[in-house]
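Student: Have a look at this one before I ask anything.
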Amino acid sequence: MDILHQNKVIDIVKESIDKGMTYNQYRGLIDRFSDLGRTTGPDQTESLVDYTRLNARRFKRWEKTLRLVHEMEALDTLTLPEMDWLVITESWCGDAAHIMPVMRSLADGIPGTDLSIVLRDENPELMDQFLTNGARSIPKLIARKKENGDILFTYGPRPSEATRMVESYKEQHDSLSDKFKEDLQRWYNKDKGKTTASDLLGLLSSL
């Protein structure tokens, strides 16, 4: 990445952080849209509204049940810079409902780190700087150093094991079936956020 492009990305990320929602504001938005029968983004389809309702329930469940005792102990051993964590997502994104509570817990455990959230379809210029294999895949976490705005790492749209499952299935079947998506949800429920936390701790330990 050349200097001009790098500076442009730093500026776009900063502008997005400045206008982003807090985690609690985002959660309130999901709950409100769930009650109203709406979803974020321009497409107000029945299926996306249903996913938003489902994700409202998933978020609530994880916020009550998520336990990352050993992971938080490991986090306490790290010496980290003050950071901004910016997450790009949408209310209908199933992966986000499983991994964003983990992101919030870790961010809360890092002194001087703030988490903010923006919507993908309202921020195409930002999203297009952080594509995954050329696609606008979400959720996407962007971590930047507060001191100078440098991008430290990105993460998403899925934890490492889930990514391997998806890639392996696509190699054999081209697209994801409804049954596979159900299997993936069962994997998230069984994993209990451990892989996401481990992935992020690996990224943080390399800073």
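Taken together, the values in this text are just the output of simple stated rules run on the coordinates, not laboratory data. These figures come from a predicted structure and were not determined experimentally. For neighbour counting, all protein chains shown are included, and Cβ atoms are generated from backbone atoms with ideal geometry for every residue, glycine included.
Student: In nanometres, what is the gap between the two model label sites at SER206 and ARG136, each 7 Å from Cα along Cα-to-Cβ?
Tutor: It is 2.8 nm.
Student: Once you have the Cα-Cα distance between PHE153 and LEU36, take 0.36 nm times their residue separation minus that, and quote the gain in nm to one decimal. Don't skip to the end; give the middle numbers.
Tutor: Details: separation 117, 0.36 × 117 = 42.12 nm, distance 3.60 nm.
Result for the pair: 38.5 nm of gain on full extension.
Student: Next up: Roughly how many whole Å is it from the C-alpha centroid of region 44-94 to that of region 180-207?
Tutor: 11 Å
Student: Amide H of SER116 versus every other amide H placed in the peptide plane: which residues, excluding those fewer than 5 positions away on the same chain, fall under 5 Å?
Tutor: The list, which skips near neighbours in sequence, is TRP85, LEU86, VAL87.
Student: Output the peptides 33-40, 53-60 sorted from most to least packed, where packing is the average of other Cβ atoms within 10 Å over each peptide's residues. Let's see the in-between values first.
Tutor: Values: 33-40: 16.6, 53-60: 18.9.
Ranked by mean Cβ neighbours within 10 Å, highest first: 53-60, 33-40.
Student: Charges only on Cβ, +1 for Lys and Arg, -1 for Asp and Glu: so what's the dipole of region 3-205 about the Cα centre, in debye to the nearest 20? Provide the component values of the computation, followed by the final result.
Tutor: Working: 29 positive and 33 negative charges, 119 e Å.
Using only the charged Cβ atoms, the result is roughly 580 debye.
Student: Tell me the relative contact order for region 3-205 as a rounded percent, counting alpha carbon contacts under 8 Å between residues six or more apart. Mind dumping the intermediate values first?
Tutor: On the way: 268 pairs, mean separation 48.8, N = 203.
Contact order relative to length: 24 percent.
Student: A follow-up question, please. Equivalent-ellipsoid semi-axes (√(5λ), Cα gyration tensor) for the chain, whole Å, largest first?
Tutor: Working: eigenvalues 127, 86, 69 Å².
That gives 25, 21, 19 Å for the three semi-axes.
Student: Follow-up. Based on the mean of other beta carbon atoms within 10 Å per residue, what is the order of 11-18, 115-122, 138-145, most packed first? Don't skip to the end; give the middle numbers.
Tutor: Working: 11-18: 16.0, 115-122: 19.4, 138-145: 22.2.
Ranked by mean Cβ neighbours within 10 Å, highest first: 138-145, 115-122, 11-18.
Student: Residues of region 102-142 with the amide nitrogen closer than 12 Å to a label point 7 Å from the Cα of ASP18, along Cα-to-Cβ, please.
Tutor: Residues passing the 12 Å test: none.
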